[in-house]
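Taking it in order: structure first as structure tokens, then the write-up.
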Amino acid sequence: MLERYKPTWMVESIYDLTPEDLQNHGIKVVMTDLDNTLIAWDNPNGTPELKNWLELIAAASIPVIVVSNNSHERIEKALEHIGLPFVSRALKPFTKGINQVKNEFKMNNQDLVLIGDQLMTDIAAANNAGIKSILVKPLVESDAWNTKPNRFIEKRIKNHLIKKHDFKTKWGNSLDD
């Protein structure tokens, strides 16, 4: 049962991923969670590091789409300085948002990846959809009120998965507990 939360890879940060990493694994479209994955949940303006990463990925012609459970208004406000396309109310861990992107870009499962900081929403959604996933450490230690209960449960799941699987990533980064 806990296998549904097992990510394909784990890396420290979304910013550690290079276009070459993605292309070497056949990834043609990147879907990413918003809060604590792409931007800190309490800093919607992003960072220079984010802008540099997005420029690198765009230069490689790899689309980046935010797939978030947040409202349209919240995501639109958070991305107004960044200008990325997005799917709101994605209903992760269900596949609604992922399927929307898959259909829009006419992509096969092996061409897609979902990057996120939560096992119970992001990674479970990717696994439910049959696509690759990348678990990243949250950008900041604090969470919005609605994420805190998941973090408690996720810590137990993550410890179980770490004991059961060798989580060395193909890109040389791993999450520390």
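Some notes on this structure:
- Check on P44, modelled with pLDDT of 95 or more and open to solvent by 10 Å² or more (accessible area, probe 1.4 Å): no
- Hey, E20 within 20 Å of L139 (Cα to Cα) and either of a type in the set (A, V, I, L, M) or not in a loop (DSSP other than H, G, I, E, B) (or both) or not: no
- For the condition in contact (Cβ under 8 Å) with a residue 24 or more places away in the chain, open to solvent by less than 50 Å² (accessible area, probe 1.4 Å) and either of a type in the set (A, V, I, L, M, F, W, C) or in contact with a His (Cβ under 6 Å, 6 or more places away or on another chain) (or both), L56 does not qualify.
- Only residues that are over 11 Å from the mean Cα position of the chain (by Cα), under 22 Å from N24 (Cβ atoms) and either assigned to a loop (DSSP other than H, G, I, E, B) or in contact (Cβ under 8 Å) with a residue 24 or more places away in the chain (or both) were counted across region 107-128, and they come to 6.
- For region 42-52, taking the residues that are in contact (Cβ under 8 Å) with a residue 12 or more places away in the chain and either touching a Ser or Thr at 6+ places or on another chain (Cβ under 6 Å) or not polar (S, T, N, Q) (or both), the one that is farthest from K158 (Cα to Cα) is identified as K51.
- Qualifying residue in region 65-73 (condition: in a helix (DSSP H, G or I) and free of Cβ contacts under 8 Å to residues at least 60 places away in the same chain): yes
- Pairs, first in contact (Cβ under 8 Å) with a residue 60 or more places away in the chain and open to solvent by 20 Å² or more (accessible area, probe 1.4 Å) in region 13-41, second in a loop (DSSP other than H, G, I, E, B) and not charged (D, E, K, R), C-beta under 6 Å, six or more apart: D16/N173; D21/W171; D35/W41; W41/A144
- K92 vs. criteria in a loop (DSSP other than H, G, I, E, B), out of contact with any Phe, Trp or Tyr (no Cβ under 8 Å at 6 or more places or on another chain), surrounded by 17 or more Cβ atoms within 10 Å (Cβ to Cβ) and of a type in the set (D, E, K, R): yes
- Some residue of region 75-82 being out of contact with any Gly (no Cβ under 9 Å at 6 or more places or on another chain), loosely packed, with under 13 Cβ neighbours inside 10 Å, acidic (D, E) and modelled with pLDDT under 95: yes
The values are calculated or read from the model by the stated rules, or taken from the named source; none is laboratory data. Model, not experiment: these values are computed from the prediction. When we count neighbours, we look across all protein chains shown, and the Cβ atoms used for this are built from the backbone with ideal geometry, even at glycine. The accessibility values were calculated without ligands, DNA or RNA, using every heavy atom of the protein model including side chains. Shrake-Rupley method; radii C 1.70, N 1.55, O 1.52, S 1.80 Å.
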